[in-house]
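One structure is given here, and the rest of the page talks about it.
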């Protein structure tokens, strides 16, 4: 229990952990069921199965036996329900008026622990997910992100599309879903995080007896370690497009590494927001791009910093060169004190504003407990950001460059040679 830190934490019977964070004057409650399973827990044959299960459990459980019954139950009180799958976490979440928290918990628990897995519905959903895959392939802005994962983590689950392939999705049946659920979606691998107008004891009571049948198989959460080896620095898909879509970047630090806060500030300085270095230079001063932004991705044993560019194809190599030179400059010169102070205020303000929402707060607390086993409240995060020095930001940029920059490119280009040469400017 941690009431003095703004939340309460307990382990329920069966092993699930429950977090509640009361938020004064909120009339809503957001609940997230978070499992430590994602695409990195899959092999070639099962690639995309976690994402497929995210879809199929919405087809109904024992108490709410159809997709319509699930949606009507939540929407009848003005609420919403959804889910997402990533490389290490699958999240099912709902937001309802606070007095209907019991309903939200009941709907999520029913579809996750007592799914019908009707073979007819499984067959129908396979085609839905295949269309989702095709839609992503048709959208260069989405597809380039998948390609960048491939070049950062070649020939391993971390580099595969979270949704799998048409071939793997086409092979999934009710038995495959049942085995995967039994192995991974267990109470001891679950964190339930609730924020808003919620009472801790009432939330615990709402979950009692709902988290799975007794005697279910316990599965391992073990995964292969991230392999950061390079197999070519550029992944190019030649396609006739009016705009080039590019992501370039390099490996950084995991969410277990204290240096991650320096990467966060590096990201702010480099390309997060319209006042960042790259936005100002590439769009406002040179007009080389329509869209430019940087981002960081963190896993338990790896991470990377990336920069997205959307631009006229003839400008792609020039724009990429500006990014590479900007990273090299950050790796060799410390950020001036005034600029670093602005970046810190930006990062701290964004965090505080983000956590005003009940949904954001529930997932913020839940993911930390699930993945790290330690929760840093907002002001502790703020303190960690404030403590970062200019030297640590420079060292983070140096690490990104030292590991070797890589890129994914989609556009009307015959060969990747020019982009390979541009990346080599960081060597």
For region 241-375, convex hull volume per residue from C-alpha positions, Å³: 132
Gyration tensor (Cα) of region 89-190, equivalent ellipsoid semi-axes in angstrom: 28, 18, 15
Neighbour-count order for 7, 290, fewest beta carbons within 10 angstrom listed first: 290, 7
Residue order, fewest to most surrounding Cβ atoms within 10 angstrom, among 59, 124: 124, 59
Residue 390/residue 237 FRET efficiency (R0 35 Å; Cβ-Cβ; nearest 0.05): 0.35
Within the chain, helix-based [θ] at 222 nm, where runs of 4 or more DSSP H residues each add -39,500 (n - 2.57), nearest 500: -13000 deg cm²/dmol
Ranked list, fewest to most other Cβ atoms within 10 Å of each Cβ, for 177, 311: 177, 311
Cα-based equivalent ellipsoid of region 3-207: semi-axis lengths in Å, sorted from largest, via gyration tensor: 30, 19, 16
Cα long-axis angle, helix 174-184 against the chain (0 to 90 degrees, to the nearest 10): 80
Between 0 and 90°, nearest 10: helix 119-138 axis offset from the chain longest Cα axis: 20
Kirkwood-based Rg to Rh ratio, region 335-427, C-alpha trace: 1.12
DSSP beta bridges in the chain [antiparallel fraction, %, rounded to 5]: 80
Whole-angstrom gap from region 83-159 to region 360-420, using each part's C-alpha centre: 23
The chain: angle of helix 140-152 to the longest principal axis, Cα-based, in degrees nearest 10: 80
Peptide ranges 255-264, 191-200 listed from the most packed, as the mean C-beta count within 10 angstrom indicates: 191-200, 255-264
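Each reported figure results from applying straightforward, stated rules to the coordinates on display, with no laboratory input. Everything quoted here is computed from the prediction, not taken from an experiment. Methodologically, a virtual Cβ is constructed for each residue, glycine included, from the backbone with ideal geometry; neighbour enumeration extends over all protein chains shown.
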